[in-house]
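What follows is a short report on a single structure.
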Amino acid sequence: MTDAVGLDEQLLHRAAGYARRFNTLFEEYFDTLGTRLDAPSFSRFTPACLELLRDLSLRGGKRMRVVLLHEAARLVTAEPVDGLDDAALSIELLQTHGLVHDDLIDDSPTRRGAPSTYYAYREQFPHHPHAALGLTVLAGDLALALSLRVLLDAKVPGAVRQAMTEVQTRAAADTFMGQIIDLERDFTATAPDEDLLHRVADYKSARYSILAPLQLGLLAAGEQPALFEHDLRRYARLVGICGQLRDDYLDLFGDAATMGKPTGTDIRDGKHSYTVSALLSAPLGDAERAVLEAALGDPACTPETIAAVREIGERRGVADRMRADMRRHAEQACLVAAGWRPRWREEAVTFFERLPLWSVERVM
């Protein structure tokens, strides 16, 4: 046990180093971005947009996609690898794009403890709601364009640059489709089955948060990820499902202060998340079901009602079952990563083997 704890500390220390280094890189990127964009000199809105993107991008986050990227390259070599900084910037700019549009879609007032881009624009243009909406969409679109431009400007061989750009383009398209089916899911008459929930998690988050960083890191290190497509996709899907289960779980059973946003959002929005679907399929009493059904889709649902739904979920075993599902998917992902051992470097394989369990342990 001591050896395992020591190994985890070593791997987490390495991950923290990637994050610290990237945060400096990201800040430097935004500090010089204005000089590299051909923005009209008269425009006041363009610099303001870039400042909002900078603020959101640098506001926090664990940079786990950046960590995955570096560890994917480390599967092949411990030597420095060209193109990783460009890939890391691309990954996090795509994430910024997603955050801007997610908060617009969800009408979220806050993100990481501060106003979302959409609400910042709403405050700036209180009498021009359509302008606030349009500028938010355009800010997210600009982050996406910058994500691809970083790769197109990367100082790596042309074939690698092309392959990396294709990875990010596919990841973006898959994520957009994931957002579409995520919205579509909530229009079903009954609670979605597990397979549909897994598909949404795969498209919406696993492919750009897990699979793309893996592919980009391997490409930068000179590996051909297409040769290992099945294993990489299976690992990414399992970790993505585990992560979405965790996020949906925390939305009801988590701590609002720790997350930087209120709990119960999915309940108020009437979303058919993993947690809501688990609640609907639980053996509830008539009074309990009445409380849940009254809360679902009620934007004015009070914190006290959310607390009552949470207590119902805990009493009826929903929280326990979700934690067990998280662990089951995490353990399956660990087995997939363990199978990489004959092919790739031990220390990086161990990182990917341990990663899914860290995700689960955050909520245990």
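Of all residues in region 344-354, those satisfying the criterion of being touching a residue at least 12 places away in the same chain (Cβ under 8 Å) and either open to solvent by 80 Å² or more (accessible area, probe 1.4 Å) or part of a helix (DSSP H, G or I) (or both) are E347, A348, V349, T350, F351, F352, E353, R354.
Can we say A324 is in a helix (DSSP H, G or I), small (G, A, S) and over 27 Å from A78 (Cβ atoms)? Even if it seems obvious, please write down each step before you answer.
Numbers: in a helix (DSSP H, G or I): yes; small (G, A, S): yes; over 27 Å from A78 (Cβ atoms): yes.
Yes, satisfied.
Applying a threshold of 6 Å to beta carbon distances and a minimum spacing of six or more residues, or different chains, the list of pairs starting in region 123-143 at a residue that is farther than 25 Å from T175 by Cα and open to solvent by less than 80 Å² (accessible area, probe 1.4 Å) and ending at one that is in a helix (DSSP H, G or I) and at pLDDT 95 or above reads F125/A131; F125/A132. Step by step: first the residues of region 184-198, then only those that are touching a Lys or Arg at 6+ places or on another chain (Cβ under 9 Å) and either among the polar types (S, T, N, Q) or not in a loop (DSSP other than H, G, I, E, B) (or both), then the one that is surrounded by the most Cβ atoms within 10 Å (Cβ to Cβ). Which residue is that? Per the stated criteria, the residue is L197.
Just one residue in the set S277, S209, S205 is at pLDDT 95 or above, of a type in the set (S, T, N, Q), out of contact with any strand residue (DSSP E or B) (no Cβ under 6 Å at 6 or more places or on another chain) and assigned to a helix (DSSP H, G or I); that residue is S209.
Test of understanding: among T169, T165, T190, which residue is β-branched (V, I, T) and within 27 Å of H329 (Cβ to Cβ)? Before you say what the answer is, go through the steps one by one.
Working: T169 fails: within 27 Å of H329 (Cβ to Cβ); T165 fails: within 27 Å of H329 (Cβ to Cβ).
Exactly one of T169, T165, T190 is β-branched (V, I, T) and within 27 Å of H329 (Cβ to Cβ), namely T190.
Out of region 220-248, which residues are of a type in the set (A, V, I, L, M), touching a residue at least 60 places away in the same chain (Cβ under 8 Å) and surrounded by 24 or more Cβ atoms within 10 Å (Cβ to Cβ)? Break it down into steps so the answer makes sense when it comes.
We begin by selecting, within region 220-248, every residue of a type in the set (A, V, I, L, M); these are 220-221, 226-227, 232, 236, 238-239, 241, 245.
Next, only the ones that are touching a residue at least 60 places away in the same chain (Cβ under 8 Å) stay: 220-221, 238-239, 241, 245.
Selection gives A220, L238, V239, I241, L245.
Against the conditions (1) loosely packed, with under 12 Cβ neighbours inside 10 Å; (2) part of a loop (DSSP other than H, G, I, E, B), T32 satisfies every one except (2). Would you confirm, using the coordinates I've provided, whether L84 is at pLDDT 95 or above, within 19 Å of A16 (Cβ to Cβ) and either within 20 Å of the chain's Cα centre (by Cα) or open to solvent by 30 Å² or more (accessible area, probe 1.4 Å) (or both)? Spelling it out, L84 is indeed at pLDDT 95 or above, within 19 Å of A16 (Cβ to Cβ) and either within 20 Å of the chain's Cα centre (by Cα) or open to solvent by 30 Å² or more (accessible area, probe 1.4 Å) (or both).
Among the residues making up region 144-178, those that are over 12 Å from L94 (Cβ atoms) and open to solvent by 30 Å² or more (accessible area, probe 1.4 Å) are L152, D153, K155, P157, G158, A159, V160, R161, Q162, E166, M177. Residue check: is E166 among the acidic types (D, E) and touching a helix residue (DSSP H, G or I) at 6+ places or on another chain (Cβ under 9 Å)? So E166 does not fit the description; no. Pairs linking a residue in region 8-24 that is within 22 Å of L58 (Cβ to Cβ) and modelled with pLDDT of 90 or more to a residue that is of a type in the set (D, E, K, R) and surrounded by fewer than 15 Cβ atoms within 10 Å (Cβ to Cβ), with Cβ atoms under 7 Å and 6 or more positions apart or on different chains, are A19/K62.
For region 303-339, give me the residue count where each residue is open to solvent by 70 Å² or more (accessible area, probe 1.4 Å) and of a type in the set (A, V, I, L, M, F, W, C). Final tally of qualifying residues: 1.
Of the residues making up region 220-233, those that are over 13 Å from A171 (Cβ atoms) and part of a helix (DSSP H, G or I) number 7.
The values are calculated or read from the model by the stated rules, or taken from the named source; none is laboratory data. Remember, it's a predicted structure, so these values are computed and weren't measured experimentally. Backbone-built Cβ (ideal geometry, glycine too); neighbour counts: all protein chains shown. Only protein heavy atoms, including side chains, enter the accessible area calculation; ligands, DNA and RNA are left aside. Shrake-Rupley method; radii C 1.70, N 1.55, O 1.52, S 1.80 Å.
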